Amino acid sequence: MNTEPIHEPRQGASPVDTSADVVGNKLPDNAFTELAKGEEYRPVMNPDRPIVEVTPYSVGMGLLLAVIFSAAAAYLGLKVGQVFEAAIPIAIIAVGLSSKLKPQNPLGQNVIIQSIGACSGVIVAGAIFTLPALYILEIDVDFFKIFLSSLFGGFLGILFFMPFRKYFVKEMHGKYPFPEATATTQVLISGQSAAAEENKGSKGQAFVLLIASLVGGVYDYLVATFGTWAETVTTTAYSWGHTMADKFKYVVSCNTGAAVLGLGYIVGLKYAFVIFAGSIFVWWVIIPLMGAYGAPEIAAMAPDSIFKEYARLIGIGGIAMAGIIGIVKSWNIIAQAVGLASRELRGAREAAKPVRWQTDISMKHITYFILLALVAVLLFFWVGVIHTFWQAFIAWIVVTIIAFLFTTVAANAIAIVGSNPVSGMTLMTLIVASGIFVAIGLNGEQGIMAAMIVGGVVCTALSMAGGFVTDLKIGYWLGSTPRKQESWKFLGTLVSAATVGGVILMLNNVYGFGPDSTLQAPQAKAMAAVIKPMMMGGTTPWVLYIVGAILALILNWLGVPALAFCLGMFLPLSLNTPMLVGGLISWFVAHSTKDKELAKARNERGTLVSSGLIAGGALFGVFSAITIMCGVEQPENGGEFMPQILGLVAYAALIAFLYISSVRAKKA
């Protein structure tokens with residue numbers, strides 16, 4: 001593959017003529033649809049010209065935002081267990097700055113800012129879900145173990161995903177919804193659209209996105225920060241619903257957030273229905289059966305507790321098997337990537353020079369970098385963690401195999417539903433690794449240390465792979481150079497890993513992660529609860545994992561998307577219900593008229609409005625985090641009658657806003 005450099009304009013040189021860099025102020029009509037035979041997708045930025053992307057401004061701003069959002073996301077994630085997605089807020093900030101500073105080709109530079117800055121959220125998710133468990137189990141860990149596990153995990157996630165870029169981003173064009181990438185792309189293109197509309201004195205896409213962002217942002221801010229109404233409406237808030245939950249273990253719940261509703265609209269009815277089906281299978285079949293026929297201690301538990309302690313584990317087994325099925329199905333893609341690397345290592349080159357828009361880092365170089373990263377990981381395990389070479393070597397094999405194989409699973413999940421089941425896959429990794437470590441005599445505190453570091457590397461790798469597919473899809477839609485996104489992602493990972501390592505160490509010194517700490521670290525506590533009995537002599541619920549694996553095989557045989565169904569089993573019902581609501585709204589909007597052109601225009605406007613709801617929810621989620629950090633506490637009123645009624649009314653109003661705003665579209 002050709003990798004000749006594409007030069008940016010030199011300092012002091014005459015600027016490149018950018019008049020033809022951007023060929024449109026909105027995404028092409030076929031951006032979200034499958035391409036017909038012979039049809040091509042042409043991105044917003046001219047794919048045939050070199051464009052301004054990597055500059056001191058774009059790199060510097062991306063790194064600054066990576067530091068800021070890494071620190072903020074780490075604190076919030078350790079306090080409440082939720083890591084906000086940084087890509088959308090960073091894209092909004094980039095667009096706002098470019099409108100004031102007027103850099104050359106702001107769209108190309110904003111993609112780089114977003115791509116570098118978004119390393120923050122994915123690195124944070126990989127680190128805080130696992131590594132604080134060591135402090136919880138009273139095992140000391142220094143800065144370099146945290147930093148290097150995050151760094152190497154991030155590097156492996158980038159490198160292992162690169163060979164699959166063209167498959168997920170180009171070949172699957174229009175087949176996956178890519179909800180987060182869609183919302184972020186709409187934000188980035190809105191800056192270009194706003195400039196054009198300002199020149200014409202009109203209001204168009206950017207205005208629609210702005211209004212939807214404000215509505216979604218203020219809506220989510222009020223409920224997340226002050227509990228103005230119930231964030232989750234549930235039948236257990238009523239006496240009859242409480243009786244149903246207590247006696248029969250039946251519960252219905254729905255998150256009322258604007259961002260999740262918008263996510264469901266973009267995902268669409270097909271996948272939203274499959275995800276919801278997986279959720280109701282767990283909540284309305286498995287949990288009631290466990291409550292009726294399970295052991296007395298299970299029958300006495302609340303439905304939420306049964307889900308967390310038992311039923312959810314079936315979903316984890318299903319996700320693992322769905323991932324294996326996906327690996328088998330995409331084996332030809334893996335073989336093609338390996339074959340390309342082999343040909344390039346032998347000196348072969350492609351006959352046709354790829355256009356700038358489809359130029360990746362050379363597969364030959366990717367192969368070298370993967371080998372270098374793997375050697376570094378082995379040395380890290382041997383010298384810094386385990387200290388016995390053959391045990392370190394086995395840990396290295398576990399990381400290499402799982403991180404490589406489940407890279408495609410993480411990317412698939414993000415492409416379909418915008419949610420990466422990284423905690424579930426990491427939990428499965430910890431269980432497998434712990435079983436292997438105990439068998440080779442690596443147990444006790446040393447075994448716990450090794451397992452959690454291995455889990456941290458894998459968790460960060462899978463988190464990075466899921467985030468990276470979003471970045472590259474954004475670049476594909478807009479016309480960025482993949483090679484530049486890929487190259488500068490490493491620097492963003494380095495800075496984010498260093499920031500997260502320092503923040504975790506500081507927070508442990510200030511607050512600690514014990515039971516009375518301000519920082520609850522719920523995912524890390526769950527990991528600690530699983531790993532301790534395995535290393536100290538305990539039982540593992542293999543039966544539940546096997547049931548999930550068998551279910552995934554049956555679903556695949558029936559032609560049901562197994563990963564989407566099992567994701568529904570793993571995620572809470574309250575998050576899957578609004579996915580279905582959003583999917584239904586998208587269906588009604590698309591079928592609100594028999595005029596095909598008008599229906600298409602309405603659906604596209606609905607996608608834009610939904611992107612605004614997601615963007616506003618994400619950005620104001622940061623504001624909510626800042627407010628909470630300043631000492632404002634949300635009142636515990638989510639289960640009271642009046643907040644529940646207000647939640648239903650507010651949610652109905654939000655649904656009406658999304659539908660009415662969508663059907664106001666007119667034909668072009």
**Request:** Mind listing just one residue for me: the one in the stretch 624-651 that is farther than 19 Å from residue 238 by Cα, not β-branched (Val, Ile, Thr) and not in a loop (DSSP other than H, G, I, E, B) and, of those, modelled with the highest pLDDT?
**Result:** 624
**Item:** Yes/no for residue 261 being part of a helix (DSSP H, G or I), farther than 28 Å from residue 27 by Cα and at pLDDT 85 or above
**Value:** no
**Request:** Go through the stretch 639-658 and give me each residue that's under 28 Å from the mean Cα position of the chain (by Cα) and aromatic (Phe, Trp, Tyr).
**Result:** 651, 657
**Fill in**
Requiring at least 1 residues that are closer than 30 Å to residue 664 by Cβ, the helices (runs of 4 or more DSSP H) wholly within the stretch 541-602 are 573-590
**Message:** Looking at the stretch 303-331 only, could you name the residues that are among the hydroxyl-bearing types (Ser, Thr, Tyr) and either in the same structural domain as residue 282 (by TED's automatic domain parsing) or farther than 12 Å from residue 412 by Cα (or both)?
**Reply:** 305, 310
**Prompt:** Scanning for something in a loop (DSSP other than H, G, I, E, B), surrounded by 15 or more Cβ atoms within 10 Å (Cβ to Cβ), modelled with pLDDT of 80 or more and touching a helix residue (DSSP H, G or I) at 6+ places or on another chain (Cβ under 6 Å), does the stretch 32-41 turn up at least one residue?
**Reply:** no
**Request:** Would you mind finding the one in 592, 574 that is within 23 Å of the chain's Cα centre (by Cα) and assigned by TED's automatic domain parsing to the domain that holds residue 267?
**Result:** 574
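Let me confirm something: among 280, 319, 266, which residue is assigned to a helix (DSSP H, G or I) and touching a Phe, Trp or Tyr at 6+ places or on another chain (Cβ under 7 Å)?
319
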**Item:** residue 200 being more than 23 Å from residue 101 (Cα to Cα), modelled with pLDDT under 85 and among the basic types (Lys, Arg)
**Value:** no
**Prompt:** If residue 594 passes every condition in (1) surrounded by fewer than 24 Cβ atoms within 10 Å (Cβ to Cβ); (2) within 17 Å of residue 189 (Cβ to Cβ); (3) out of contact with any Lys or Arg (no Cβ under 8 Å at 6 or more places or on another chain) but one, which one does it miss?
**Reply:** (2)
**Asked** In the stretch 130-146, how many residues are exposed (fewer than 13 other Cβ atoms within 10 Å of the Cβ) and at pLDDT 80 or above?
**Response** 2
**Asked** Is it true that some residue in the stretch 401-420 is polar (S, T, N, Q), assigned by TED's automatic domain parsing to the domain that holds residue 461 and modelled with pLDDT of 85 or more?
**Response** no
**Prompt:** In this structure, is residue 93 assigned by TED's automatic domain parsing to the domain that holds residue 331, closer than 18 Å to residue 56 by Cβ, of a type in the set (A, V, I, L, M, F, W, C) and in contact with a Gly (Cβ under 6 Å, 6 or more places away or on another chain)?
**Reply:** no
**Request:** Could you please let me know if residue 452 is within 15 Å of residue 410 (Cα to Cα), in contact (Cβ under 8 Å) with a residue 40 or more places away in the chain and either crowded, with 24+ Cβ neighbours inside 10 Å or not assigned by TED's automatic domain parsing to the domain that holds residue 396 (or both)?
**Result:** no
**Message:** Is it the case, given these coordinates, that residue 287 is crowded, with 22+ Cβ neighbours inside 10 Å, modelled with pLDDT of 85 or more and of a type in the set (A, V, I, L, M, F, W, C)?
**Reply:** yes
**Message:** I need every pair where a residue in the stretch 374-390 that is touching a residue at least 40 places away in the same chain (Cβ under 8 Å) and not assigned by TED's automatic domain parsing to the domain that holds residue 142 has its Cβ under 8 Å from the Cβ of a residue that is surrounded by fewer than 16 Cβ atoms within 10 Å (Cβ to Cβ) and of a type outside the set (Lys, Arg), sequence separation at least 6 or different chains.
**Reply:** none
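The values are calculated or read from the model by the stated rules, or taken from the named source; none is laboratory data. These figures come from a predicted structure and were not determined experimentally. Positions of Cβ are backbone-derived with ideal geometry, glycine not excepted, and every protein chain shown enters the neighbour counts.
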